[in-house]
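Undergrad: Okay, handing you the structure first.
The values are calculated or read from the model by the stated rules, or taken from the named source; none is laboratory data. Given the structure is predicted, the values throughout are model-derived calculations rather than measurements. No Cβ is skipped: glycine too gets one built from the backbone with ideal geometry, and neighbour counts run over all protein chains shown.
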C-alpha cells in the first residue's frame with residue numbers, strides 16, 4: 001500500500017506570485033522584500049537585514065497576497081531557481097519579490113516543515129524536474145508547480161518524520177559550523193606569515209592589476225536548451241561557497257562555448273564575485289580546480305608573473321576581503337557591485353621566493369588535513385539524503401506507524417474528507433504502507 005500522492009495545488013491555500021515591485025522606491029526601513037538570494041543553504045531565510053531592501057508599508061498594504069505568514073514556503077523561480085525557504089516568525093509580514101512564489105500550505109492537510117523538507121529533498125527536486133521535463137530546473141511557472149505530486153501521510157506521521165529530520169539536521173549544522181572554523185585556518189596561516197594587509201607599505205606592494213590578467217564571464221541564452229545540455233561547469237555566485245571549486249550546479253555544452261562569447265576559465269584561476277546582494281557582507285573568492293566557465297557576475301584572475309602564484313593570490317585576496325568589501329557600491333534595483341578598476345588597484349604584498357615556497361608547502365599540508373574533514377561532510381550529506389529518501393518512501397516511520405495504526409487510520413479518513421476524496425478514492429489508497 002502507498003500513501004496518497006496529491007497534486008500540490010490540492011494541499012495549499014495560496015500559490016501566489018506578484019508581477020513586480022521594481023520601480024518602487026527602495027527604503028532603508030519599512031517592509032522587507034525577500035528575494036531568492038535570501039534563501040540560505042539550510043532552507044532558512046537570511047537574518048542579515050542589511051541584505052534586504054524595503055518598501056513603504058502603505059504600498060505594501062495594496063498587495064496583501066504577497067505578505068508572508070509563519071509556516072509559508074517561498075519558492076525561487078528566477079536566479080537561484082528551485083530553492084525553497086521556510087518562513088519563520090522573524091519574517092512574518094515581510095514581502096516577496098517577483099522572483100519568488102509564495103506557497104501557503106493547508107494546515108489541515110500538511111505540516112509546513114514536512115512540505116519544506118520534501119521539496120528540498122532530492123526526491124522533491126526530481127518530482128519538480130519530472131513536471132518540467134528537464135534535467136535541470138532552469139525555469140518554472142506557478143501553473144507548473146501546481147502539478148507536482150506530494151506524498152501525503154497522516155498529520156501525526158508527518159510530525160514524526162519532521163521530528164526525526166530536525167534531529168538529523170542539527171547534526172549537519174554542527175558539522176557545518178566546525179567546517180567553517182577549519183577553513184579559517186588558512187587565513188590565520190597567511191596573517192601569521194605576512195601580517196595584516198593594513199600593515200603593508202607601498203615599498204613592498206604592487207597593484208593587483210600589475211600582477212594578473214582578468215577575464216569576464218557570461219550567460220548563454222536560456223532560450224536555447226542545447227546550450228544547457230552539457231557537462232561543462234558554469235559557475236555562478238550560488239556555487240561560491242567553497243575555497244576550491246571543482247564543479248557547479250549548472251552546466252553548459254560545447255555548443256555554448258562555440259557559438260557565444262563564453263570562454264573557458266583554466267585551472268588555477270582565482271574566481272571572485274563582483275555583483276550581487278551577497279556583496280553586502282561577503283566577497284566570495286575561490287580557486288578554480290578544474291577547467292570551467294563563469295557567469296557575468298564574476299571575474300577570473302590569473303597571475304601573469306613570477307612574483308606570486310595562484311595559491312598566494314587566493315590567500316591574499318581572502319585576507320584583503322574587508323578592504324575589497326569597503327569598495328562595494330550599488331547598481332540598479334539596489335543590487336551591489338564593485339568597480340573592476342578599484343579591484344585592480346588593490347595593493348598586494350610581494351613575498352620573497354623563499355617565503356612563497358614555504359607558504360605553498362604549508363598550504364598543501366593544511367589542505368590535505370581539510371580534505372579529510374570535507375570527506376566526512378560528504379558522507380554526512382549522503383547519509384542525510386538516504387534519511388530523506390526513507391522518510392518520503394515510508395520506510396523511516398514504518399515501525400512507529402504499526403504502533404499507531406488505529407489513530408492514523410482515523411486521521412487519514414479525515415484527510416480524505418478534507419480532500420473531497422472520500423466518495424471517489426480507492427479505499428486501498430487510504431490504507432497505510
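Undergrad: Which ones in segment 295-313 are closer than 30 Å to residue 231 by Cβ and in contact with a helix residue (DSSP H, G or I) (Cβ under 9 Å, 6 or more places away or on another chain)?
TA: 295, 297, 298, 299, 301, 302, 303, 304, 309, 311, 313
Undergrad: Within segment 189-204, is even one residue under 30 Å from residue 122 (Cβ atoms) and out of contact with any helix residue (DSSP H, G or I) (no Cβ under 9 Å at 6 or more places or on another chain)?
TA: no
Undergrad: Let me ask something additional. For segment 206-222, indicate whether the set of residues that are more than 29 Å from residue 304 (Cβ to Cβ) and either modelled with pLDDT of 90 or more or surrounded by fewer than 15 Cβ atoms within 10 Å (Cβ to Cβ) (or both) is non-empty.
TA: Yes, because at least one residue in segment 206-222 is more than 29 Å from residue 304 (Cβ to Cβ) and either modelled with pLDDT of 90 or more or surrounded by fewer than 15 Cβ atoms within 10 Å (Cβ to Cβ) (or both).
Undergrad: May I ask you to list the residues in segment 137-169 that are assigned to a helix (DSSP H, G or I) and under 20 Å from residue 14 (Cα atoms)?
TA: 142, 143, 144, 145, 155
Undergrad: Right, here's the next one. So, in segment 60-76, of the ones that are part of a loop (DSSP other than H, G, I, E, B) and modelled with pLDDT under 80, which residue ends up nearest to residue 101 (Cα to Cα)?
TA: Ranking the candidates gives 67 first.
Undergrad: Filter segment 100-126 for residues that are out of contact with any strand residue (DSSP E or B) (no Cβ under 6 Å at 6 or more places or on another chain) and under 30 Å from residue 225 (Cβ atoms); which is surrounded by the most Cβ atoms within 10 Å (Cβ to Cβ)?
TA: Filtering first and then ranking leaves 118.
Undergrad: Let me ask you something else. Restricting the search to segment 77-119, which residues are farther than 17 Å from residue 148 by Cβ, in a helix (DSSP H, G or I) and out of contact with any helix residue (DSSP H, G or I) (no Cβ under 8 Å at 6 or more places or on another chain)?
TA: 89, 90, 91
Undergrad: Kindly provide the set of residues from segment 42-51 that are part of a loop (DSSP other than H, G, I, E, B) and either buried (at least 20 other Cβ atoms within 10 Å of the Cβ) or at pLDDT 80 or above (or both), ordered by number.
TA: If the condition is that a residue be part of a loop (DSSP other than H, G, I, E, B) and either buried (at least 20 other Cβ atoms within 10 Å of the Cβ) or at pLDDT 80 or above (or both), then 42, 43, 46, 47 are the ones that fit.
Undergrad: Return yes or no: is residue 233 surrounded by 18 or more Cβ atoms within 10 Å (Cβ to Cβ), part of a strand (DSSP E or B) and in contact with a strand residue (DSSP E or B) (Cβ under 9 Å, 6 or more places away or on another chain)?
TA: Judged against the criteria, residue 233 is a match.
Undergrad: Shifting gears a bit: For the subset of segment 250-290 comprising residues that are surrounded by fewer than 17 Cβ atoms within 10 Å (Cβ to Cβ) and free of Cβ contacts under 8 Å to residues at least 40 places away in the same chain, which member is nearest to residue 234 (Cα to Cα)?
TA: 264
Undergrad: Okay, next question. Checking the structure you have, find out if any residue of segment 319-334 is in a loop (DSSP other than H, G, I, E, B), farther than 22 Å from residue 49 by Cα and free of Cβ contacts under 8 Å to residues at least 60 places away in the same chain.
TA: No, segment 319-334 contains no residue that is in a loop (DSSP other than H, G, I, E, B), farther than 22 Å from residue 49 by Cα and free of Cβ contacts under 8 Å to residues at least 60 places away in the same chain.
Undergrad: Starting from segment 1-21, take each residue that is farther than 23 Å from residue 68 by Cβ and list its partners that are modelled with pLDDT under 70 and not in a helix (DSSP H, G or I), counting only C-beta distances under 6 angstrom and pairs at least six apart or across chains.
TA: 1/431; 1/433
Undergrad: Of the residues that make up segment 339-362, is at least one at pLDDT below 80 and not assigned by TED's automatic domain parsing to the domain that holds residue 42?
TA: The answer is no, given that none of the residues of segment 339-362 is at pLDDT below 80 and not assigned by TED's automatic domain parsing to the domain that holds residue 42.
Undergrad: Can you work out which of the residues in segment 267-284 that are modelled with pLDDT of 95 or more and within 18 Å of the chain's Cα centre (by Cα) is farthest from residue 48 (Cα to Cα)?
TA: 271
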